[in-house]
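FYI, it's all coordinate maths here, none of it is from the lab. Values in this document were obtained by computation on a predicted structure and should not be read as measured data. Cβ coordinates were reconstructed from backbone atoms using ideal geometry, including for glycine residues, and neighbour counts include every protein chain displayed.
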Amino acid sequence: RTLESKTKMPEANRKIMEILKYLVGTYDLLGGRENEFRKLGTQKAVSAIQSFPTEIKELKDVRGLHGIGSETLSKIEEIINTGTCRKAEAFKVDPHVHTLRVFEGIWGAGPTTANKWYACGLRSLDDFQEGTKGYSLLSKQQKIGLRYYDEFNKKIPRQEVEEIENVVRSSVDLLGEGRFQSITCGSYRRGRKACGDVDMILTANREYIQGFLALVIKDLREKDFITDDLVTITMEGEQKYMGVCQLPGKLHRRLDIIIVPTDELACSLIYFTGSAYFNRSMRKKARNMNYSLSQHFIAPIQTQKNKVTWTGERIKVNTEKDTTRRQRRHLSKVSDSYLKF
Ligand code: DCP
Ligand code: MG
Ligand code: MN
């Protein structure tokens with residue numbers, strides 16, 4: 001797996017990516033039809049540049065790239081020439097954008113919620129204090145998000161991610177009698193020095209997984225390691241937990257755990273390691289090759305006049321590498337360095 005290795009991408013490309021991603025995030029935050037349109041256009045450029053093999057020195061280097069519109073091209077030109085673009089600079093000092101970003105920093109609040117609050121006249125975190133109108137607008141999760149606002153918005157050093165991993169793993173090993181493997185994914189597995197949360201996959205043979213996640217969570221709660229629950233999903237095909245944990249003397253941290261049968265591990269690893277961008281391009285690529293890639297499996301599909309049909313067949317993949325090798329065989333003429341492992 002190619003990590004998001006900072007050394008590999010040329011500095012100039014990384015700069016362009018960084019600013020374009022900031023624009024994508026801000027368009028998303030602002031919402032509305034126009035911004036949605038701009039967001040999608042800019043996102044296409046991000047995907048294209050992500051896998052661009054050489055340093056972007058001039059506009060003509062990217063002019064022919066598939067999917068980059070003229071508006072985005074002119075921004076890229078601005079970045080090449082000036083190191084920034086006026087749109088991004090304007091967003092950075094826009095109080096409306098600033099407020100929406102603060103609101104979006106409350107766990108459980110996305111762009112839609114942030115805009116709704118803004119429209120209600122709310123302007124800062126103080127407007128959400130207990131007993132206020134703002135407080136009454138918060139969901140149960142958002143109240144937890146607000147309580148730990150500063151803590152959740154601080155990154156977790158790798159070392160602490162490993163300490164958290166160890167607590168979870170020791171519980172899993174004991175309760176699972178050694179049948180379960182636990183793997184920390186997300187930005188940690190991509191090699192980041194500091195992570196937004198801890199994302200773990202627990203895996204064992206299908207016969208053992210039913211109900212197991214609930215046991216682990218209960219145990220971790222009794223140990224006062226898990227302090228709050230945000231989301232628990234326990235369906236037949238999916239077990240997912242999102243909550244809050246805390247090591248003694250450390251900050252409250254976000255913890256996500258999913259549990260998957262071993263036969264789905266490869267696709268789950270791809271999904272849960274991300275990044276979200278990577279997943280989007282992988283899935284799109286799969287789709288273009290008449291495959292459907294999900295967090296559970298990869299399967300051949302047929303597309304006719306925008307109608308997608310699935311035969312029910314799944315491709316057996318044992319490793320992440322299998323998943324893309326199989327795809328790549330059908331795509332030998334396209335070179336996409338981002339898909340190379
Ligand atoms: N994911 C995804 N699409 C999303 C959100 C998440 O495909 N909209 C996948 C890819 C992510 C993984 O789940 O890498 C974990 O999600 P996180 O939100 O924890 O993101 P990261 O771990 O990548 O970054 P961070 O350091 O912010 O936690
Ligand atoms: Mg994460
Ligand atoms: Mn996560």
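Let's see how each residue does on (1) out of contact with any Cys (no Cβ under 7 Å at 6 or more places or on another chain); (2) among the β-branched types (Val, Ile, Thr); (3) in a loop (DSSP other than H, G, I, E, B); (4) without any contact (Cβ under 8 Å) to a residue 24 or more places away in the chain:
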{"site": "LEU65", "(1), (2), (3), (4)": "yes, no, yes, yes"}
{"site": "ILE76", "(1), (2), (3), (4)": "yes, yes, no, no"}
{"site": "ILE80", "(1), (2), (3), (4)": "yes, yes, no, no"}
{"site": "ALA88", "(1), (2), (3), (4)": "yes, no, no, no"}
{"site": "HIS98", "(1), (2), (3), (4)": "yes, no, no, yes"}
{"site": "VAL102", "(1), (2), (3), (4)": "yes, yes, no, yes"}
{"site": "TRP107", "(1), (2), (3), (4)": "yes, no, yes, no"}
So, PHE180, is that one more than 21 Å from ARG221 (Cα to Cα) and of a type in the set (Phe, Trp, Tyr) or not?
no
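Which residue is surrounded by the fewest Cβ atoms within 10 Å (Cβ to Cβ), if the candidates are limited to segment 261-292 and must be among the aromatic types (Phe, Trp, Tyr) and within 16 Å of ligand 2 (Cβ to nearest atom)? Give the derivation first.
Taking segment 261-292 first, the residues among the aromatic types (Phe, Trp, Tyr) are 271-272, 277-278, 291.
Still in the running and within 16 Å of ligand 2 (Cβ to nearest atom): 271-272, 277-278.
Details: TYR271: 22, PHE272: 20, TYR277: 17, PHE278: 20.
This residue is TYR277.
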Quick check on segment 51-62. Is at least one of its residues surrounded by 19 or more Cβ atoms within 10 Å (Cβ to Cβ) and over 24 Å from the mean Cα position of the chain (by Cα)?
yes
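If you go through segment 261-285 one residue at a time, how many are aliphatic (A, V, I, L, M) and either near ligand 1 (Cβ under 10 Å from one of its atoms) or over 20 Å from GLU238 (Cβ atoms) (or both)?
Initially, segment 261-285 is screened for residues aliphatic (A, V, I, L, M), giving 265-266, 269-270, 276, 282.
After this cut, where a residue has to be either near ligand 1 (Cβ under 10 Å from one of its atoms) or over 20 Å from GLU238 (Cβ atoms) (or both) as well, the list is 270, 276, 282.
Qualifying residue count, segment 261-285: 3.
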Answer yes if at least one residue in segment 167-174 is surrounded by fewer than 14 Cβ atoms within 10 Å (Cβ to Cβ) and more than 17 Å from ARG221 (Cβ to Cβ), and no otherwise.
no
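Can we say GLN129 is of a type outside the set (A, V, I, L, M, F, W, C) and under 23 Å from the mean Cα position of the chain (by Cα)? Steps first, answer last, please.
Details: of a type outside the set (A, V, I, L, M, F, W, C): yes; under 23 Å from the mean Cα position of the chain (by Cα): no.
Criteria not met by GLN129.
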Output for segment 13-50, where each listed residue is under 21 Å from GLY105 (Cβ atoms) and hydroxyl-bearing (Ser, Thr, Tyr):
TYR22, THR26, TYR27
Restricting the search to segment 257-284, which residues are under 18 Å from the mean Cα position of the chain (by Cα) and of a type in the set (D, E, K, R)?
ARG280, ARG283, LYS284
